[in-house]
Each structure stands twice: as structure tokens, then as C-alpha cells.
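Accompanying notes for the structure given below.
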Amino acid sequence: MNINFNEAELAFRDEVRSFLSSELPQDIAAKVKGGKHLSKEDHQRWQQILSRKGWYATHWPVEYGGVEWSAVQKHIFDEETAAFGAPRTIPFGVNMVAPVIIKFGTEEQKQHYLPRILSGEDWWCQGYSEPGAGSDLASLKTRAVRQGDHYIVNGQKTWTTLGQHANWIFCLVRTDTQAKPQSGISFLLIDMQTPGITVRPIITLDGEHEVNEVFFEDVKVPVENLVGEENKGWTYAKYLLTYERTGLAGIGASKAALDRLKEIAGKEVKNGKPLLQDPAFASRVAQVEIDLMAAEITNLRIIAAVEGGGVPGAESSMLKVKGTEIRQTITDLMRRAIGPYAQPFPEAEMELDYEGEYLSSDYAAPLAPHYFNMRKLSIFGGSNEIQKNIVAKMILEL
Amino acid sequence: MNINFNEAELAFRDEVRSFLSSELPQDIAAKVKGGKHLSKEDHQRWQQILSRKGWYATHWPVEYGGVEWSAVQKHIFDEETAAFGAPRTIPFGVNMVAPVIIKFGTEEQKQHYLPRILSGEDWWCQGYSEPGAGSDLASLKTRAVRQGDHYIVNGQKTWTTLGQHANWIFCLVRTDTQAKPQSGISFLLIDMQTPGITVRPIITLDGEHEVNEVFFEDVKVPVENLVGEENKGWTYAKYLLTYERTGLAGIGASKAALDRLKEIAGKEVKNGKPLLQDPAFASRVAQVEIDLMAAEITNLRIIAAVEGGGVPGAESSMLKVKGTEIRQTITDLMRRAIGPYAQPFPEAEMELDYEGEYLSSDYAAPLAPHYFNMRKLSIFGGSNEIQKNIVAKMILEL
Amino acid sequence: MDFKLNEEQQMLQETAARLVRGEYDFEKRERFRQSDAGFSEAFWQQLSELGLTTVPFDEAHGGFGGGAVELQLIMTELGRGLCLEPYLQSIVFGGGLINQAGNDEQKNDLLPQIAAGTLKVAPALLEPQSRYNLHDVVTKAESDGDGYRLSGRKAVVIGGHCADKLIVSARTSGEQRSHDGISLFVIDGNASGLQRITYETIDGLKGCDLILDSVSVPASALLGPVGQAHAAIDYQAGRAIAAICAEAVGAMEESVNLTLEYLKARKQFGVPIGKFQVLQHRMVDMASELEQARSMAVLAASVADAEPGNRRDSILAAAKNVIGRAGQYISEQSVQLHGGIGMTWEYSGAHYAKRLVMINHQLGDDDHHLEAFVALMKTS
Amino acid sequence: MDFKLNEEQQMLQETAARLVRGEYDFEKRERFRQSDAGFSEAFWQQLSELGLTTVPFDEAHGGFGGGAVELQLIMTELGRGLCLEPYLQSIVFGGGLINQAGNDEQKNDLLPQIAAGTLKVAPALLEPQSRYNLHDVVTKAESDGDGYRLSGRKAVVIGGHCADKLIVSARTSGEQRSHDGISLFVIDGNASGLQRITYETIDGLKGCDLILDSVSVPASALLGPVGQAHAAIDYQAGRAIAAICAEAVGAMEESVNLTLEYLKARKQFGVPIGKFQVLQHRMVDMASELEQARSMAVLAASVADAEPGNRRDSILAAAKNVIGRAGQYISEQSVQLHGGIGMTWEYSGAHYAKRLVMINHQLGDDDHHLEAFVALMKTS
């Protein structure tokens, strides 16, 4: 047992670090660290840098343009990109639809879609949730009716993250209304330019436009856009659910956020001294740092188990809950750190190109909105209550 | 609106205080405050003092020897007795079986039992819980079969508090096995001296003998010991459940315990200074003091509502949860306060007549056992989970 | 001991409740918020016409002669409506400062106008470095002939954007965090050298930072004895704390109700989600925190007008601590129990969630007040 | 990065596990507890026969040459069995002090006996006023001819009741809480002037306070350089912390398992109580705290033998903080989920509950270690 990185792992970390030092655009890193808005172009610019290096599709087999990294290497890559302030990878194309296509798609689908994901030509979004089906996906209602060579799709999807940037959407649709709820669902790839699709922004409580509603009205989708077999979509969705589980806890992001918190609390002043020297505030920071330390080791233990051939199971659910609680605590402390200045909402300061004077400091403006935004962590991607249900059932067998 | 006590209430408080100053035996108060063992005789001595004053049966109608106090007066009495270190009233006779007898009993039963409760001649205990029926009383199994002028009782009761001192027990027994679970239950008064009854101590994790198992083997109980109608016991038990609800939160006891905590933390030393001046410990004490302050006002609001003719409903359940959490937090802090000395378990120091040297201080020995003992607060009398079920159903209508 | 309202109080509560119910639904609030003023002048006028703006003032100053309990009733209704008007700043806190510290001339001049709603004032007491500490003051007021010249910056003046006059604390002597040497000045909103940096707040209010660049004021602008303003600031901050606690309770009640309704209406896995025990117990915990908050709002109101001293200070600190924690808990859980919908701008519940957290950033958060409570606690 | 045990470690773990499983059920533990020694001499001998007592010592001293990971494996199994033997005190902490601070003669004399289990030692470092602060020492050691004379009181010496020798810290110079001036002495249990006040602990262990009334010891009793013992005490306390963390994890695993089994077996309202969602989630929270604790026990073991310094100190403080909190949470919830039965002496679960809380009172509780972590945290 040696829980430190071995030499090969350390060498890989150095390689990642030197790549990030030289290739990660400074302007993008500054925005990420400052919690500022990222444009579609920022994301694409960084994606193309990664693609050129061959480090974009870290979860794909090599034959399709992926890299053969161990779980530990993936972990190191995630940690370091977070620490350097790289934009998070938007997962819908590269980490969600692609694995499904690779596993269940036709050769034509692979040939067509995968290169376009690698190149950044396609921006994918996810069409799972519906107004009446959040955690309970089995009750979804969007219908796809076969008519000759097409499906005719009608219905509505919601919480579609960054759907405003997307030109493709992968959807779970109901193709059999007679079957049991989970059996009549299919997995469909839909071009967002198809007539009948409308994207409507959802503005969240922090004033952000990050999620959308997507409406389908008699949308014609070629049958060749079906992935795998009709009515087997639930199986593919479940595959994806286990597939995307490592990294759910966001340990790397939390570590970066904790550093930021300490930086801020070192600059903020209380009674003439840095807030970070206030015993009560320092204790709260220390407690979350300790909890994060433990969660990081738990994450490494899960990764090591995957490395050893295991499949990350419901342990990830447990860690997802803990990880999101930690992240939310950090955002709570950041908001608290700036005291009365948590109230002002100078939206301009959050923009890409803000060059004016800052109301109080260059870091204050995004902190309260960010705190509210991060409430989503315990809701989306399977709420923490659902995660606990999973653990109770799968691990504890209750 | 004036949330302070009015003049009459203040005068009553003074009367109570002066009574307690002169009549509460000092040796008993010292034991209560020090968390030492109380003997049966201690309880009885204090009860008789109260009885002589006419202040024992505070929940009874005057005609049976009670006093006509308002809800506020009862509250003041509870607060003051707790503050002075009077033993808590053992409720099973005076506050549990007596109200049922008064409400549903025959004239003979009233004439026979009530005076004996007032005088202290009878010590009652409660026979509700069974090994298979804790929170789920409806599933109780102790059987009473009518044979001529008697019931023959067979079965087992458990968690019988201070049953070792009792000469009478009131029981819920099943008299109809065919009926729906709640409909076949009767309310029976049983003389503990009857052949066939065995009391077996249950030692709790703190080493205390406070609760017992009571076994019934062909115990003959005269039919005149039935209260009210056969198979209506569930109704009477429910009546009692609403009846005994004020004071469940133990605010007065928590206030006394908080004073004690501050006294102890003022004496304990950390790095050469009183522990109570340690910012972290002081904050924890302050937080529970604040929560207690709020709970006290909530209690007063409920009392005022009762005063105004309302019935304390599920609000008491909510306050019971909060009140027990507060009390448990206080006992946690007391245990923490004494640091490494929480470990030694010098049982002799907890005895009535200990006159030896104390290992560390005269207050340390009972604190850890007390902490463990107080875990019962969130379990007995309807676990906190059950209380929340009640609130969800009764108030929130979920 | 009596928690009941008298007839007058009941009428006052009903008046406020009816007005808010009638004039302040969520869509209207969004319109008010987006207006230049950031609130409804018409609603402000109705508050005035119904006499609600006169409540805390003496009859001599055109007031109703009410106390903290009356303010509590009004603030709770304003909280329930998430109202945007600067009632707390102008009527409670600003008016209170003038009433306590002002001389007869100032009171006779200003209070009737404030009570009538025709003059709005806002206290400008915080500074960029002060956090919630009201005696951490570096803004300077230097004697200048008959008057004073003020320079410095005041931070996060909620309602300051629309105030006709600002009540500014400035140091006339003493060290940065000394209680002594702080003075109050009533400054015209359009005084020369005074700049307002106006902004919205995340919870939809408006406010500003004030930059004072050698702002000259006459001696008559001084409110109360020179260098001795701390007592009035501290006392009136206490009244404002009691009032904002009541506002928070109104917002919490609405937030709890919205969440409860949602649990009953929203179905998942074929049943209302309120059938899931974990969500039921969470809802019970929210209701329980609300009860604690209610109790502390009542207690705070009962001491807000009392003699200054340890007991009043302790209770007000305790109240704001409980309200801060309860507000954040209810806010977070209301969002969590709603799921995604609870995070959308177009859903009113999200705005209650934001207001409840932001109330913790006004007049001191729960950490600040826990520390204050500890400082007042007998520790030996 | 590799969390797997090597073959030797697996065998060690299996040996310890098999021994505890075979020799230590709850009824036996109760018998051992009630014996005079308060533990099983026979079991102690088996630990020795199987070489488990030799694990941390060098081969030169009759040891196995194992490190913190090996100790972790053994301590976890001892924790799982709620074992009462003074392994932590004699083998880990006491032996460690001698190994680090002792001269060759002392090591050659004492370590082989300790490793063989034939000599038991116990560190006596705390004092009535010290709480968990190991450098708060007022017990005095004064030069007395060739040797020293010790007077004072050492507090809560777990395992001290049966120790053949006690390793006592005493002040040879310096102020009460100075790091400098603390010396260690190896004192015979039957030294004249040494009195042991023996007691059981609430969780079933035994220990004593030591009263030293002019206890004379020769110069050879001094362990390490005079006045410089703090470093060794601090370092070895760290090793003991890593070991007790592992013990706690064993006890937590058992406590969680017992509770889970109970939830599946116990029926109420006609169904196993484990079907109630609130109890399911509580159980998940317990399992989750256990995972955090496991992780920190692993991390603590990985640094326990490392160079002294900030990183080691921080991690060990963090580990004990997590274990303290997780232990209390699991203890309290296991009692709560069991209901009444969880509070009875005759149920083994109650004793796990007590041990878990009391581990927080050994070697510093979570508050103590949070403070220690803060002190080590870069705050500017």
C-alpha cells in the first residue's frame, strides 16, 4: 500500500502541468478563477487546444481518437485542469453521447459523429428531463412516432444545459406507449436545425442563462438517427449513468474553490485583520478543508478500485453527496466572506470584457450569484435524495 | 401583546420561589443538581411536601385534590422547580393514570386510587411498550382473557421506568384478537403484588437501573380493574397522549442544565484560562443558549394558546424534537467540557452518600453517563422520527 | 403573559396584509424592480395614505405613536410580499436615528415629512473595511468654519439610491474602531462632492455606495452631540434588527407555504413527492425553524423599545442569529425540495430564497451576532 | 498510487482478524472486563505468540519491523472486537517513546520485553489541568543527587493500572506550557511514593491517575535528553493517533453493520424499519461518515512514520477530527436507529456506541484537533 503517486504518475502530472502552463490561455484561466462568464468561443478555443494534443476525448478508446489513460491518470488530469483554471469540459458530446454511440451505435454513426465531436464542429446537448419527469425519467412523455423513414417527435425537454450553443441534441423519447414505462423509450439523435424545434431560455435565480427548454413540434427525425434498438433507450441511458460516475464529486473543482476561498478570506478584513485569521471563520474554513481532504482520499480509493478492474458503483453516489455538500459549503463561506458586499449585483463586473472600476474588489461580484447557482449541485444529475435512495438500495440492500 | 409575565403571574412566581427556598430539602436539591442518584425515598419525601402544600396534582380538578392553575402557572411551577433542583415529578401515577381514571374511571376507582396517589401510598408504572411494539403500540401482544370475574393476563412489557419501585402498573392489553389491531385493546390496572408478575431490571449503557421488563404469567386481575369499556383502551391511551404534551420539551430542565454547563465550563481550565472563555467552546455554549431561548418562547406561545382555550397539538411534537435536541447538545457539551476526565467511571462518586475524595472534581463523574443516558430523550415517549411523522401528518397534512 | 394582538394591532396587521395582498404579486414586483426607482412609488404612497409610514413616530411629528410590535406586524407583511420599498431604511432606521439623536428643530423639520412618506432618508453607516461593525469608521468629518467637510466612502447603503437625504456616520475624533468620536450628519442627496454608485442587489433591491469628496455641510447637519453618535446608531440598529427579523419571518412563512404546496402538487414515481418520508421530515424541519424564527421575532420586538443594556443587546443578537440561520436553512431547503424549478428566475420561490439569504448580510450575519452574543455572555 | 495490501500485510490482517473473531465475542469481553486486570491476559499472550505485539519494533529488538500500515491493520481488528488489551498504550505509544527517545541500553533492555508482551508500559502524559495539551506539564522532576525526584499528578493513564512501567512526563525546567523543559522518565510501577488511583472507564477500559509524591528515580530512568522530550512525545502521540483512528474505524464498521442488520430484522407497522426512507437515508449518512473515517485512517497511517513537520501534523489533526466527528455521529445514530434496545448494557451495540464517543476523549477531541489544524493552516 502506497497511497502516494508513483514515479510514472508523477511524471504524467508534470507533463500535464507543463502542458497547462504553456497552452492554457491566460485570459480563459483568469475568467474561470474569477468566476466570470465564459463564452462559447472560450470553450471551443480550449477544446481545440486539447484536441490537438489528443487529450480531449479522455474516455474514448484510442481507435476513435481517445487516449488510453488509467483511472489515476484521468484523475490527475481532472485535478490539474481544475487547479490551473481550465474550463470544465462540457460533457454532453464527448463524455455522454459519444460513449453511447461507441458502445451501441452503427459504424456509420461512429464515422459521422465522433470526428465532429473531436473537432468541435458539433456542440451537443442533452434531452432527458421533462417538466413532468425530473428524477423520475421513466415517466417521460415526449413521443416519437415512426412514419416511413422518419420519426415524428412531439413534446418538450427542459433543463437543457447550454442548449443555446448546441446544434445537436440526444433525446430519450417514448416510442411505445403500451409497454411498461421503462420499456418503451428510445435514444434519438436530433439535429437542432430541424424545423419544429424551439429553444427557450430559462433564466436561473442568479440571473444566468445556462439552461433551456426545448420544444418539439412535429419534428422529422430520420430513422438512421436512432441509436441501437428501438425501445431500448433506457438501457443505454443506464449505461451512461454508470459510465459518467467518476469525477461526479468534483473534488478537483472543490480544491480550486477552497484555494480561492482562502485567498479571498486572506484579503478581506475584519476588525483590521485578515478574515482568515478570525478564529471562527478560520475554523469553518479548516473544517471544510478537512472534509475535502477525506473526500479526496475516498475518491482516490474509488479510482484505485476502478484501476483494479472494479466498476464505480453506488460508492460514487455516496461521494457525490459528500462532494456537493463540501462544494456548497465552500460557496457559502465565499459569500459570507465578503460581508455586506454580498448584496450588490453589479452584473457588468461579471462580463468577459469588464474594464471599469470594481465596486469593492475584483472578486466580489460573482460570489453570491455563484452560491445560488451552486445550489444546483445537489439537484441536477440525480438529486442528493435520489443518490441516497440508490445507496440504500444498491449498497445497503435496504 | 405583552410577552412578559403580568403582576399576578409574577406574584405567583414569587410564591413558588419562596416555597421552594424554604421547603425543598437541600440534600435532595444537591443530588439533582449534581446529577447524583435519587432514592425512592428522596422522591417520596419531596412528593409528600408538595402534597401537603396541595401542589402535587397540578393537572387534576380541584374536587379530587388538584389545583386550578392556568397553563402559565403550570409553566412557572415547572420552570422554578427545575431551576431550584427539585426532583422531576414521576408522572406515571399523578399525571398519567390519574387523568385517565378521572376521565374514564368509575366512581369507585376514583375514590380508591386517587387519594392513594396523592398520599404517595401507591407508586405507579406504565405498561405500554412491548419487545415487539415500541413506537407501534397497535401491535402489542400481551393478552387478557376474561374468566368469570377476572382477566387472566399473559405477556411481557418492557422499558418500564422505575418499575422496581412500583406497586401498581397500568397496562394496555389485548382483549380481542379478532378485531382490527387498535380496536381490541383494553386499559387495565394491575397490582404488582399479584402472583405471576416478575420484574427484571434492564441495565442501560450508562450502568443505570432505571427501566425494567415486566413479565405476566397467568396473572389474575379482577374485572373491576378495567378502566372504561373493554376494547376501548386505545382511545384512553390517545387521550393521555394529548393530555401529557405540555412540558414535553423540557425547557425548564434544559435551562437548569445550561446553567450547570456554564458553571462547569467556568471552572474547567484550558491553557490556563476558564474553558468558557475559549472562543470556540463559548460559541458552542452561546449557540445552544440562543436556540434554547427561542424554544422557550415557542413553548410560551403554545402555553398561551392553551390558555386561550386551544389544545396543544402537533406543535408540541415539533417542540419536543427541538427541545430534546437542545438538551442532548447541552449534555454533549458537558461531557466535552471535562476533556480526558470524561473517561473515568467512578461509580461510587455517583452514589447518594459518597464522602470520599473526588477523582477530578465533584461534578465530573456523572457527565459522560448522563450524556449517554440522555440519548433516550429522542427515543422514548415517541421517538423524534415518530414526532416528525405526526407533524407531517397533522399540521402539514402531507 | 399574552401573545395576543389588541384590536388596534389587529386592524393594523389586516390593513398591511390587505394592501400587500392586493398590490404586490410577483409579476408586479418584477415590474417594480425593473423600474428606475426599483420599487413602486404608488405603493409607497398607499403606505402613506393608510398611515403605515407614520406608525413609529410620535403624534407630535405626525405619527401614530406605535412601537416595535406595530412595526413587526407591518414588516412581516412587507416580507411576505417581498416588497421593495425602503420602509426599513427610511421609516424605521433613518427616522429612528433622527428621532433619537436629532434636536427639536431637526425633528420638527424632518420627521413629519418622513412620516408622510414625502421625504426618504437612508442611513449610510457601513464602510468598505467595516464588515458589519458599525463603529469601524474611517470616513472623516473635519471642522470647516461653521460646518464640516466630509470625505470617505460609505458602503452598501440599501435604499440610498432614492434617498432625499442620507444619514452619514463619520469620524470627528478617535481611532478607527473607537466607539467615541463618531458623529452623524444629515446630508442632502444632491450635495456637491457626493457621488452615488448605484446598483441592484442580488435579491432585487437597490442601493448604492457613497463617495464623499470634501462634502461641505453646515453645522446644522450634525445630528446629535459631536462624537457621541455611537449610542444612537447602536440602539437604532437594534430597532432595525427587530424589524428585519419580522420581515424575514414573513418571507419564511411564504417560502414554507410555497414549498408545502409544491410537495402536495408535484408528482413523481406516481405519487405526490410529499409522500416521501425524507421530504416530509425536511418539511417538518423547515416548519420547526420557522417556529424558532417566529419566536425570536416576537422576543426581539418585545425588547426593541426597551432600555439599552445587556439584556436587550443579547436578545437582539440572538434573534438575528436565529433568523439568519433559519432563513438560510429555509432558503436552501425550499430550493432543494422544489428541484430545478426552485432555481428559476420566473418562479417567485427563488426570490424568497435569495431574500432570505441576503437578510443575513444586512445588519450582521449569524456569525457576527453569535460573536456579539458571546461577548455579552457572562463567562466567569 | 495503490491502496492494496501486499501479501504479508494481508496475512497479518487475516491473523489479527481470525484471532479477534475467535477469541473476542461480546460475552467474553464482558468477562474480561469484569476481571481484575480488566482484560484477557490469555488474549494478550496470544497476541504475543502470533507476533502481533512485535509488529512495530525493529528486528534488532525482537520486532517484526512493521510500520503504521501494519499497526493500522491490527488496530482495526482490535477495534472491531472492542478489545480491552493495552496494545495502543504499551506496543504503539509507550514502545514508540522508548524507541525514539531511549538510549541503546534502554532500548535493548526494554523493547524486546515489550515486543514479547512480557513487559507492559503506559505513557502518563496528561495532567488534571492539561486537557489534551501534552506540553501543559506541572509535574516536577528535580535533580536529586545522581537521579531525580518527581512530584505531581498524571491524569487518565489508560492502561496504567496494569503497566509494569510508566513513562511519565515531568518538567525539569520552563514555564507550565513551554515546549522546552519537559523530560520523560521510565518509572517502576511499584516505585516508592507512586500511588495509582485505579478506575474503570465508561467504555469498559481500565486506567488510573498517578500520584507522584517525591518519587526517586536514578539518572538511568531519564528517557532521552533532559528537557527535550517534547519532540518525541509529539511525534509518538501522532503515531498513536493514527493507530486509534484505525481502531475507531474497526469499531465504526461493526457499529454500522449491527445497525444495518437491525434495520433489516426489526419490524414495525408490519414492515422492516429499514423500509422507512428517513431511516434509510440516515443509514446512508452513517455509511458515508464511515467512508470518510476510513479514508482518514488510511491517510493518517501513510504519514505516521514520515518526517515530523506541518504536513504530518496537519493530516494527523485532520484525521482525528474526522474520526471524532464520524465516531460520535455513528454512535448516536446507531443508538437512535436501534431505539431502546440500543441503550441497554446487554446489547453489544451500546458498547460500540460508548467506545466511539470515548475515543474522541483520547488523544484530543475533534475541537482540539480542529484548533490544531487551524494553527497549522496558512492564514495569510
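Please determine, by comparing only the residues of the stretch A:340-371 that are of a type in the set (Phe, Trp, Tyr) and in a helix (DSSP H, G or I), which one is nearest to residue A:38 (Cα to Cα). Ranking the qualifying residues of the stretch A:340-371, first place goes to A:371.
Flag set for residue B:155, criterion: modelled with pLDDT of 95 or more, among the small types (Gly, Ala, Ser) and crowded, with 17+ Cβ neighbours inside 10 Å. State which residue is nearest to the other protein chains (Cβ to nearest Cβ) when the search covers only the stretch C:325-380 and only residues that are part of a loop (DSSP other than H, G, I, E, B) and within 18 Å of the chain's Cα centre (by Cα). If we take residues in the stretch C:325-380 being part of a loop (DSSP other than H, G, I, E, B) and within 18 Å of the chain's Cα centre (by Cα), then C:361 is nearest to the other protein chains (Cβ to nearest Cβ). Applying the criterion of being in contact (Cβ under 8 Å) with a residue 12 or more places away in the chain, in a loop (DSSP other than H, G, I, E, B) and not polar (S, T, N, Q) to the residues of the stretch B:158-180, the residue that is surrounded by the fewest Cβ atoms within 10 Å (Cβ to Cβ) is B:179. Selection of the stretch B:152-209 for residues being closer than 14 Å to residue B:137 by Cβ and away from chain D (no Cβ under 14 Å) yields B:155, B:170, B:171, B:172, B:173, B:174, B:183, B:184, B:185, B:186, B:187. Of the residues making up the stretch A:183-241, just one is of a type in the set (Val, Ile, Thr), part of a helix (DSSP H, G or I) and modelled with pLDDT of 95 or more, namely A:223. Within the stretch B:208-226, the residues that satisfy the criterion of being aliphatic (A, V, I, L, M) and within 30 Å of residue B:345 (Cβ to Cβ) are B:211, B:214. Screening B:34, B:120, B:127, B:85 for residues that are closer than 27 Å to residue B:212 by Cα, touching an Asp or Glu at 6+ places or on another chain (Cβ under 9 Å) and either touching a residue at least 24 places away in the same chain (Cβ under 8 Å) or aromatic (Phe, Trp, Tyr) (or both) leaves exactly one candidate, B:34.
Can you say whether residue C:85 is touching a helix residue (DSSP H, G or I) at 6+ places or on another chain (Cβ under 6 Å) and assigned to a loop (DSSP other than H, G, I, E, B), as far as the supplied structure shows? Yes: the conditions hold for residue C:85. Only residues that are of a type in the set (Lys, Arg), farther than 15 Å from residue C:211 by Cβ and touching a residue at least 40 places away in the same chain (Cβ under 8 Å) were counted across the stretch C:140-191, and they come to 2. Scanning the stretch D:56-68 for any residue that is modelled with pLDDT of 95 or more, in a helix (DSSP H, G or I), closer than 24 Å to residue D:298 by Cβ and out of contact with any Lys or Arg (no Cβ under 6 Å at 6 or more places or on another chain) turns up at least one such residue.
For residue A:342, the stated conditions hold: it is touching a residue at least 12 places away in the same chain (Cβ under 8 Å), buried (at least 22 other Cβ atoms within 10 Å of the Cβ), touching a His at 6+ places or on another chain (Cβ under 6 Å) and not assigned by the TED database to the domain that holds residue A:159. Return yes when residue D:10 is more than 16 Å from the chain's Cα centre (by Cα), under 29 Å from residue D:353 (Cα atoms) and either in a loop (DSSP other than H, G, I, E, B) or more than 14 Å from chain A (Cβ to nearest Cβ) (or both) and no when it is not. No, not satisfied. Would a scan of the stretch D:215-223 turn up a residue that is touching an Asp or Glu at 6+ places or on another chain (Cβ under 7 Å), among the small types (Gly, Ala, Ser) and either on the phi > 0 side of the Ramachandran plot or not in a strand (DSSP E or B) (or both)? Yes, that holds for at least one residue. Within the stretch C:42-65, which residues are acidic (Asp, Glu) and touching a helix residue (DSSP H, G or I) at 6+ places or on another chain (Cβ under 9 Å)? C:58 - this is the single residue of the stretch C:42-65 that is acidic (Asp, Glu) and touching a helix residue (DSSP H, G or I) at 6+ places or on another chain (Cβ under 9 Å).
Checked against (1) more than 23 Å from the chain's Cα centre (by Cα); (2) within 14 Å of chain B (Cβ to nearest Cβ); (3) surrounded by fewer than 22 Cβ atoms within 10 Å (Cβ to Cβ); (4) at pLDDT 95 or above, residue C:307 passes all but condition (1). Run down D:14, D:49, D:41, D:7 and say which single residue is surrounded by fewer than 22 Cβ atoms within 10 Å (Cβ to Cβ), free of Cβ contacts under 8 Å to residues at least 24 places away in the same chain, under 23 Å from residue D:204 (Cβ atoms) and not basic (Lys, Arg). None of the other options fit; the residue is D:41.
For (1) crowded, with 18+ Cβ neighbours inside 10 Å; (2) over 24 Å from residue B:257 (Cα atoms), each residue gets a yes or a no:
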{"position": "B:37", "(1), (2)": "no, no"}
{"position": "B:54", "(1), (2)": "no, yes"}
{"position": "B:61", "(1), (2)": "no, yes"}
{"position": "B:67", "(1), (2)": "no, yes"}
{"position": "B:71", "(1), (2)": "yes, no"}
{"position": "B:76", "(1), (2)": "yes, no"}
{"position": "B:81", "(1), (2)": "yes, no"}
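Taking the listed residues D:181, D:204, D:189, the one that is at pLDDT 95 or above and in contact with a Ser or Thr (Cβ under 8 Å, 6 or more places away or on another chain) is D:181, with no other qualifying. Give the residue that is modelled with the highest pLDDT, with candidates limited to residues of the stretch A:64-98 that are among the hydrophobic types (A, V, I, L, M, F, W, C) and in a loop (DSSP other than H, G, I, E, B). Selected residue: A:86. Counting the residues of the stretch A:367-398 that are at the interface with another protein chain (Cβ under 7 Å from one of its Cβ atoms) and acidic (Asp, Glu) gives 1. With the condition kept exactly as written, say whether any residue in the stretch B:242-259 is part of a strand (DSSP E or B) and either among the hydrophobic types (A, V, I, L, M, F, W, C) or within 22 Å of residue B:129 (Cβ to Cβ) (or both). Scanning the stretch B:242-259, I find no residue that is part of a strand (DSSP E or B) and either among the hydrophobic types (A, V, I, L, M, F, W, C) or within 22 Å of residue B:129 (Cβ to Cβ) (or both), so the answer is no. For the stretch B:327-339, state whether one or more residues are outside any helix (DSSP H, G or I), buried (at least 18 other Cβ atoms within 10 Å of the Cβ), of a type in the set (Ser, Thr, Tyr) and away from chain C (no Cβ under 11 Å). Within the stretch B:327-339, none of the residues are outside any helix (DSSP H, G or I), buried (at least 18 other Cβ atoms within 10 Å of the Cβ), of a type in the set (Ser, Thr, Tyr) and away from chain C (no Cβ under 11 Å).
Here residue B:249 meets the list (1) within 27 Å of residue D:335 (Cα to Cα); (2) touching an Asp or Glu at 6+ places or on another chain (Cβ under 6 Å) almost entirely, failing just condition (2). Every listed requirement among (1) facing another protein chain (nearest Cβ under 10 Å); (2) free of Cβ contacts under 8 Å to residues at least 40 places away in the same chain is met by residue C:296 save one, (2). Would you pick out the residues in the stretch B:29-55 that are within 19 Å of residue B:165 (Cα to Cα) and aromatic (Phe, Trp, Tyr)? Residue satisfying the conditions is B:46 alone.
Checking each residue in the stretch D:257-284 for being surrounded by fewer than 18 Cβ atoms within 10 Å (Cβ to Cβ) and under 16 Å from residue D:356 (Cβ atoms) picks out only D:257. Selection of the stretch C:136-195 for residues being away from every other protein chain (no Cβ under 14 Å), among the β-branched types (Val, Ile, Thr) and outside any strand (DSSP E or B) yields C:139, C:172.
The values are calculated or read from the model by the stated rules, or taken from the named source; none is laboratory data. Quick caveat: nothing in here was measured; it's all calculated off a predicted structure. Methodologically, a virtual Cβ is constructed for each residue, glycine included, from the backbone with ideal geometry; neighbour enumeration extends over all protein chains shown.
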